[in-house]
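A short write-up of the structure that comes next.
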Amino acid sequence: TRCADVTGVQTCALPIFTSKGHSVATAESLTAGLVSAAIADIPGASNCLSGGVTTYQTHTKASVLGVDEGRLQTSGPVDPDVALQMAAGVARLFGSTYGVATTGVAGPGPAEGHPAGTVYVAVWSPARSNAVLYHFEGDRASVRAQAAEAALAELLKLL
């Protein structure tokens, strides 16, 4: 099996993923396409990457992905349930087996009542789903890169 090192994550699972007919779609807020780009860098990604959306503004999380507007109003976009709804919404939107989502605060300062570096990564599949809270250090670019790496790692864990 060929492995690619994408943002520090060994992606040996991609051939297994594609051989089982699985597909993945991404919903990205603070990472703004870094997760999709990292997956697309892997040879053979066209066999499993269905597509992705960048829902940077809160209202697009609801209008594009179907995230509950009430939840967004009460908790804001930096929330584990919002991340899970984003992941489920993008999987539904693209008809994918898995959905991966990132939401959080890249920085440089706090937003939505959360310090910079606060990130939720969610992975959804019909069988199981998970949202994980991360606290990353560094500048805006570093937080975004670490969030993308975490999203790939969480997807591989769920596999």
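The values are calculated or read from the model by the stated rules, or taken from the named source; none is laboratory data. Because the structure is predicted, anything quoted here is derived from the model rather than measured. A quick note on method: Cβ atoms are made from the backbone with ideal geometry, for glycine too, and the neighbour counts reach across all protein chains shown. Accessible surface is based on the protein model in full, side chains and every heavy atom, while ligands, DNA and RNA are left aside. Shrake-Rupley method; radii C 1.70, N 1.55, O 1.52, S 1.80 Å.
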In range of the label at ARG140: residues from segment 49-87 whose backbone nitrogen is under 16 Å from the point 7 Å along Cα→Cβ: 56-57
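If you wrap a convex hull around the C-alpha atoms of segment 34-105 and split its volume per residue, what is the figure in Å³? Numbers along the way, then the final one.
Values: hull volume 5.5 nm³, N = 72.
In segment 34-105, the Cα hull volume divided by residue count equals 77 Å³.
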Fraction of accessible area attributable to carbon and sulfur, the chain (%, probe 1.4 Å): 52
Restricting segment 61-159 to trypsin sites (Lys or Arg not before Pro) in coil, as DSSP defines it, with at most 16 other Cβ within 10 Å: ARG128
TYR56 paired with ALA40, simple spin-label distance in nm, labels 7 Å along Cα-to-beta-carbon: 1.6
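Between Rg and the Kirkwood Rh of segment 78-152, both from Cα atoms, what is the Rg to Rh ratio?
My calculation of the ratio gives 1.01.
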Debye log10 I(q)/I(0) at q = 0.13, 0.16 Å⁻¹ for the chain, Cα point scatterers: -0.52, -0.79
Accessible area (Å², 1.4 Å probe, nearest 10) - LEU159: 80
